[in-house]
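Notes for the one structure printed next.
The values are calculated or read from the model by the stated rules, or taken from the named source; none is laboratory data. All figures in this text were calculated on a predicted structure; none of them were measured in a lab. Note that we place each Cβ from the backbone using ideal geometry, even for glycine, and neighbour counts take in every protein chain shown.
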Amino acid sequence: MAELLQFLFSGLTVGATYALVALGFVIIYNASGVINFAQGEFVMAGGMASAFLVAAGVALPLAVVIAVVAGVAIGVALEKFAIEPARRAPVVTLIIITIGASIAIRGLAQLLLGKQFHTVPPFTGDNPIVIGGATILPQALWVIGASIAVVIGLGAFFSRTRLGKAMLATANNRRAAQLVGINVRFILLLSFGLSALLGAVAGVLISPITLTSYDVGIMVGLKGFAAAMLGGLGNGIGAIVGGLMLGLAEALGAGYLSSAYKDLIAFVIILAVLVFMPGGLFGKASTERV
Amino acid sequence: MDRARTLLGHRHGGLGFLVLLIALLPLALPNRYFYDIAILIGLNAIVCVGLNLLIGFAGQISLGHAGFFGLGAYVSAVLSTKYGWPSTVSLVAAAALVGAIAFALGRPILRLKGHYLAMATLGLGIIIAVVISTEERLTGGPDGMTVAPLSVFGFALQGEAMWYWVVGGLMLATVWLAFNLIDSPLGRALRAIHGSEVAAEAMGVDIARAKLLIFVVSAILAALAGSLTAHYGGFITPGKVGFLHSIELVTMVVLGGLASTYGAVVGAAILTALPQLLTVFKDYESLVFGVVLMATMIFMPAGLVPTLARIMGRRR
Amino acid sequence: MSELRLDLVSKSFGGVAAVTAVSFAVPTGRIYALIGPNGAGKTTLFNLISGVYPPSTGCILLAERDVTGQPPHTLARQGLARTFQTPQVFLNMSAVENVMVGAHRHLDAGLLPAITRLGRFRAAEKACRAEAGALMERLGLGRYRDVDAGALPYGALKRLEVARAMASRPRLLLLDEPAAGLNAAEAEEMVGVLRTVAETGVTVLLIEHNMRMVMGLSERVLVLVSGRVLVEGTPAEVQGHPEVIAAYLGAEAPPQQELRCA
């Protein structure tokens, strides 16, 4: 029982990270139809920036904030300089552009900070807390708690602010949104900034636990993508549930089945779901009208 | 305005040019290092031409083709090096195994479309990569394994010069094969599927069969190229099996120009040679690569060959 | 002998009945029209007949053989061809290649023949291309032969779809609003095309709103309203039928008024 609880804790922690990354995918996809393969790099940027700043002597709270801002800046720059100039290109081209961006961002990180692992101190110490026979790091509580706060904030943003509703409108029907006077190009910029925010936050939260390096973004990005697909791509709640489920499945699988094949679990699940439930867990199969 | 001719690139003229290029290139290559790059370009081109048939012509997507490439490489490597099978038999067996896997998994996967198909192929590729990387006893794990050289009828293929002609010939054969396929009822059926699945079906095209066929063909081509790469290099690591290599392959195809066989070759050439040129930049390599990639796709979204063809068409 | 027969065919989409208990028979070699207000279920019926989805209940018979539930490509191989309300032309190919795809069921789509390209294969390809070109000439599309399909004007696209459908030498041709989106001149061209088609003896089932075309071309007309058959008969019978007039013009229309073509 204690063992199960242990796996549940680690599953929720990493699942929260996947959920944030998946949300980022969904926000950009809804606004533009593009799958942003640089999503994982926002996570990496958040973690690496905070590691760098702390090592340079900046106080942790300030470092975290600056790191998140840096992540958002990268996201906005990506949209402004790489996506917007190519906005009329076919989707495949845009995907390749985001791939190029992810390679470039990784290259920049490697250039500035080398290939080694970096550490970030945990927010409130690293004495494990015992709950029900299982231990959980205080940082893990930060991950889960802050993720919940972010998701609630995001929900409030979309349902209560004018800008948030404008984003939802654009995602639903771009042309109609333009016609009612919504600045669609700004919305696209905002969606990239928001996704980057989510990714960077996930990065600063998780790096005290998992360490960070220039290429952590790759796997995190792919698994976040899988989580978003699991949730039906295009559905925010689905993305969150997908992320949590994937995290839990990974932790339980690694614990009870095989830890060597941990990275496989997410992809076996998504492959199985795609083959047997093509619309994801929450998506609907749509029919083409001819 | 004849797009068919432009895309096919003046079929016989282009093929002739390619033959000439391959025949005369050795005169321009100063040393073995450049032969090596040319061989790698040829091997990547084989994969890309096959992948282009799937992505550019049939309108599907695969983000996991490095999995087929790597599986071809490792199966042939393991069979020939660890079990002592004759290398040519290993090569064929590897291709057959990959073909069988592509056939079995292709059926359910190809029912998916767009991002879902992309994710499914991505997942498949990663699963193959992780398995290969984890089964260390068999594959040597992340450190890789040595591979026996390829010997045809007892004659060992070694050295860049020999491999250059073998790979050159095989690449030509693949390009020729692709052109024949495109300009045939099957080829038109595939392009019709890309154009409008509903209409293609209404014309009698068995869509599931056609998609599966081209998926398997492209997988087998990737596997063959993978096996050859393994035997040529004498060494193979899981790096060539992973997601990043899959993305690299798709990028080569898109960069060169979708639905352009010559584009696939050009894309393979550029993205194989570019990192070699960029090693000059050392630490800046990835950064420059990424920026060059972005810039090319922003300013030439249709890919290189179609964009150049259009520019040259306008000048006439 | 009917080329096509529907027996009490119904189709519901998640509780919404699109088509209910529709029965009719199209005699071989005739031109049969399907008319009705928008949303009457005409395209649904076409999709049912061409196998896009199976009926909820009822049978569909092609040349007196039960083909209910068979997929489109199987039906195509049995001699059914169709065009679409919005042209589903293959924009990534040239016009003649589009028409060549129409002949798919007569060609060998194997991988090996394509690669080996033996003499017989090459001859078949050449013949296919020539036939497609001739078909295009007959339908007034000769000058677009090697042009990118995407560059064709709309009227030519509609005719191209008909050429593509005819390339399969069908027994039954379904035309979904061939005159939709065409101006008067283009519609006249289309009428000419359809007369040429009819002369080949193929059975035609036609959905159309352009009454002039319907009444001028067809031998029998079926009126579909809200998914049900309202009336079936010759163009003259249908034109003067009070319920038909009411369905199109509203119940307040005076009964003496005939349905004039626009």
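Among (1) farther than 21 Å from A:Ile148 by Cβ; (2) at pLDDT 90 or above, there is one condition A:Val26 misses while meeting the rest; what is its number?
Result: A:Val26 fails condition (1) only.
Mind checking whether some residue in the range C:55-72 is within 11 Å of chain B (Cβ to nearest Cβ), over 23 Å from C:Leu141 (Cα atoms) and touching a residue at least 12 places away in the same chain (Cβ under 8 Å)?
Yes, the range C:55-72 contains a residue that is within 11 Å of chain B (Cβ to nearest Cβ), over 23 Å from C:Leu141 (Cα atoms) and touching a residue at least 12 places away in the same chain (Cβ under 8 Å).
Is there a residue being closer than 30 Å to B:Leu190 by Cβ, in contact (Cβ under 8 Å) with a residue 24 or more places away in the chain and either among the charged types (D, E, K, R) or within 14 Å of another protein chain (Cβ to nearest Cβ) (or both) anywhere in the range C:1-12?
No, the range C:1-12 contains no residue that is closer than 30 Å to B:Leu190 by Cβ, in contact (Cβ under 8 Å) with a residue 24 or more places away in the chain and either among the charged types (D, E, K, R) or within 14 Å of another protein chain (Cβ to nearest Cβ) (or both).
Inside the range C:1-96, counting only strands (runs of 3 or more DSSP E) that do not spill past its ends, which hold 1 or more residues that are farther than 30 Å from C:Gly133 by Cα and at pLDDT below 95?
Filter on the range C:1-96 gives C:2-13, C:16-27, C:31-35, C:57-62.
Would you mind finding the one in B:Val265, B:Val254 that is aliphatic (A, V, I, L, M), within 12 Å of another protein chain (Cβ to nearest Cβ) and part of a helix (DSSP H, G or I)?
None of the other options fit; the residue is B:Val254.
Got at least one residue in the range B:279-287 being surrounded by 21 or more Cβ atoms within 10 Å (Cβ to Cβ) and part of a helix (DSSP H, G or I)?
Yes, the range B:279-287 contains at least one residue that is surrounded by 21 or more Cβ atoms within 10 Å (Cβ to Cβ) and part of a helix (DSSP H, G or I).
I'd like to check something: does the range A:78-97 contain any residue that is within 17 Å of B:Gly290 (Cβ to Cβ), more than 9 Å from chain B (Cβ to nearest Cβ), out of contact with any Leu (no Cβ under 9 Å at 6 or more places or on another chain) and crowded, with 16+ Cβ neighbours inside 10 Å?
For the range A:78-97, residues within 17 Å of B:Gly290 (Cβ to Cβ), more than 9 Å from chain B (Cβ to nearest Cβ), out of contact with any Leu (no Cβ under 9 Å at 6 or more places or on another chain) and crowded, with 16+ Cβ neighbours inside 10 Å: present.
Out of B:Gly67, B:Gly123, B:Gly84, B:Gly42, report the one residue that is over 16 Å from the mean Cα position of the chain (by Cα) and within 30 Å of B:Ala302 (Cα to Cα).
B:Gly123
For the range A:51-88, which residues satisfy the criterion of being β-branched (Val, Ile, Thr) and over 19 Å from A:Ala101 (Cα atoms)?
Listed by number, the residues that qualify are A:Val54, A:Val58, A:Val64, A:Val65, A:Ile66.
Taking the options C:Ala165, C:Ala236, C:Ala246, C:Ala187, name whichever one is part of a helix (DSSP H, G or I) and modelled with pLDDT of 90 or more.
That would be C:Ala165, the only listed residue that is part of a helix (DSSP H, G or I) and modelled with pLDDT of 90 or more.
Evaluate the following for B:Gly114: is it closer than 21 Å to B:Leu249 by Cα, within 7 Å of chain A (Cβ to nearest Cβ), of a type in the set (Gly, Ala, Ser) and touching a residue at least 24 places away in the same chain (Cβ under 8 Å)?
When the stated conditions are applied, B:Gly114 does not pass them.
Can you find a residue that is modelled with pLDDT under 85 and facing chain B (nearest Cβ under 9 Å) anywhere in the range A:221-230?
No: zero hits.
Residues C:Arg129, C:Arg117, C:Arg145: which one is over 21 Å from B:Ala208 (Cα atoms), modelled with pLDDT under 90 and within 11 Å of chain B (Cβ to nearest Cβ)?
C:Arg117
Hey, which of the helices (runs of 4 or more DSSP H) in the range B:133-243, taking only ones fully inside, have at least 1 residues that are touching a residue at least 40 places away in the same chain (Cβ under 8 Å)?
Output list reads B:136-139, B:160-182, B:185-195, B:207-233.
Is it the case that B:Ala120 is in a helix (DSSP H, G or I), crowded, with 22+ Cβ neighbours inside 10 Å and within 13 Å of chain A (Cβ to nearest Cβ)?
Answer is yes for this residue.
So is C:Thr43 of a type in the set (S, T, N, Q) and free of Cβ contacts under 8 Å to residues at least 12 places away in the same chain or not?
For C:Thr43, the condition - of a type in the set (S, T, N, Q) and free of Cβ contacts under 8 Å to residues at least 12 places away in the same chain - is not met.
Just wondering, is there one or more residues in the range A:193-208 that are more than 16 Å from the chain's Cα centre (by Cα) and crowded, with 20+ Cβ neighbours inside 10 Å?
Yes; the residues of the range A:193-208 include at least one that is more than 16 Å from the chain's Cα centre (by Cα) and crowded, with 20+ Cβ neighbours inside 10 Å.
Just wondering, is there one or more residues in the range B:172-181 that are out of contact with any Leu (no Cβ under 8 Å at 6 or more places or on another chain) and facing chain C (nearest Cβ under 7 Å)?
The answer is yes; a qualifying residue exists.
For the condition crowded, with 17+ Cβ neighbours inside 10 Å, touching a helix residue (DSSP H, G or I) at 6+ places or on another chain (Cβ under 6 Å) and not acidic (Asp, Glu), what is the one hit in C:Val229, C:Val223?
C:Val223
Condition test on A:Gly47, is it in contact with a Ser or Thr (Cβ under 6 Å, 6 or more places away or on another chain) and crowded, with 24+ Cβ neighbours inside 10 Å?
It is true that A:Gly47 is in contact with a Ser or Thr (Cβ under 6 Å, 6 or more places away or on another chain) and crowded, with 24+ Cβ neighbours inside 10 Å.
Just wondering, is there one or more residues in the range B:205-222 that are of a type outside the set (A, V, I, L, M, F, W, C), more than 30 Å from B:Ile127 (Cα to Cα), within 12 Å of another protein chain (Cβ to nearest Cβ) and in contact with a His (Cβ under 9 Å, 6 or more places away or on another chain)?
Scanning the range B:205-222 turns up no residue that is of a type outside the set (A, V, I, L, M, F, W, C), more than 30 Å from B:Ile127 (Cα to Cα), within 12 Å of another protein chain (Cβ to nearest Cβ) and in contact with a His (Cβ under 9 Å, 6 or more places away or on another chain).
Tell me, yes or no, whether the range C:75-91 has at least one residue that is more than 9 Å from every other protein chain (Cβ to nearest Cβ), out of contact with any helix residue (DSSP H, G or I) (no Cβ under 7 Å at 6 or more places or on another chain) and on the phi > 0 side of the Ramachandran plot.
For the range C:75-91, residues more than 9 Å from every other protein chain (Cβ to nearest Cβ), out of contact with any helix residue (DSSP H, G or I) (no Cβ under 7 Å at 6 or more places or on another chain) and on the phi > 0 side of the Ramachandran plot: present.
How about the range C:14-33: which of its residues are of a type in the set (A, V, I, L, M) and within 20 Å of C:Gly79 (Cα to Cα)?
C:Ala25, C:Val26, C:Ile31, C:Ala33
Which is touching a residue at least 60 places away in the same chain (Cβ under 8 Å), closer than 25 Å to A:Asn235 by Cβ and among the charged types (D, E, K, R), of A:Arg160, A:Arg185, A:Arg174, A:Arg106?
A:Arg185
Does A:Val76 qualify as being in contact (Cβ under 8 Å) with a residue 40 or more places away in the chain, part of a loop (DSSP other than H, G, I, E, B) and closer than 27 Å to A:Ser191 by Cβ?
When the stated conditions are applied, A:Val76 does not pass them.
List the number of the failed condition for C:Ala114; all other conditions in (1) small (Gly, Ala, Ser); (2) closer than 26 Å to C:Ile207 by Cβ; (3) in contact with a Ser or Thr (Cβ under 8 Å, 6 or more places away or on another chain) hold.
Of (1) small (Gly, Ala, Ser); (2) closer than 26 Å to C:Ile207 by Cβ; (3) in contact with a Ser or Thr (Cβ under 8 Å, 6 or more places away or on another chain), only one is false for C:Ala114: (2).
If you go through the range B:165-186 one residue at a time, do you hit one that is under 26 Å from B:Leu91 (Cα atoms), in contact with a strand residue (DSSP E or B) (Cβ under 8 Å, 6 or more places away or on another chain) and at pLDDT 90 or above?
yes
Residues checked against (1) modelled with pLDDT of 85 or more; (2) within 14 Å of chain B (Cβ to nearest Cβ); (3) surrounded by fewer than 19 Cβ atoms within 10 Å (Cβ to Cβ); (4) over 30 Å from B:Leu278 (Cβ atoms):
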{"residue": "A:Ile99", "(1), (2), (3), (4)": "yes, yes, no, no"}
{"residue": "A:Ala104", "(1), (2), (3), (4)": "yes, yes, no, no"}
{"residue": "A:Gly107", "(1), (2), (3), (4)": "yes, yes, no, no"}
{"residue": "A:Leu113", "(1), (2), (3), (4)": "yes, yes, yes, no"}
{"residue": "A:Val120", "(1), (2), (3), (4)": "yes, no, no, yes"}
{"residue": "A:Ala134", "(1), (2), (3), (4)": "no, no, yes, yes"}
{"residue": "A:Ala146", "(1), (2), (3), (4)": "yes, no, yes, yes"}
{"residue": "A:Ala166", "(1), (2), (3), (4)": "yes, no, no, yes"}
{"residue": "A:Thr170", "(1), (2), (3), (4)": "no, no, no, yes"}
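Which numbered condition in (1) in a helix (DSSP H, G or I); (2) crowded, with 24+ Cβ neighbours inside 10 Å is the only one that C:Gly133 fails?
All conditions are met except number (2).
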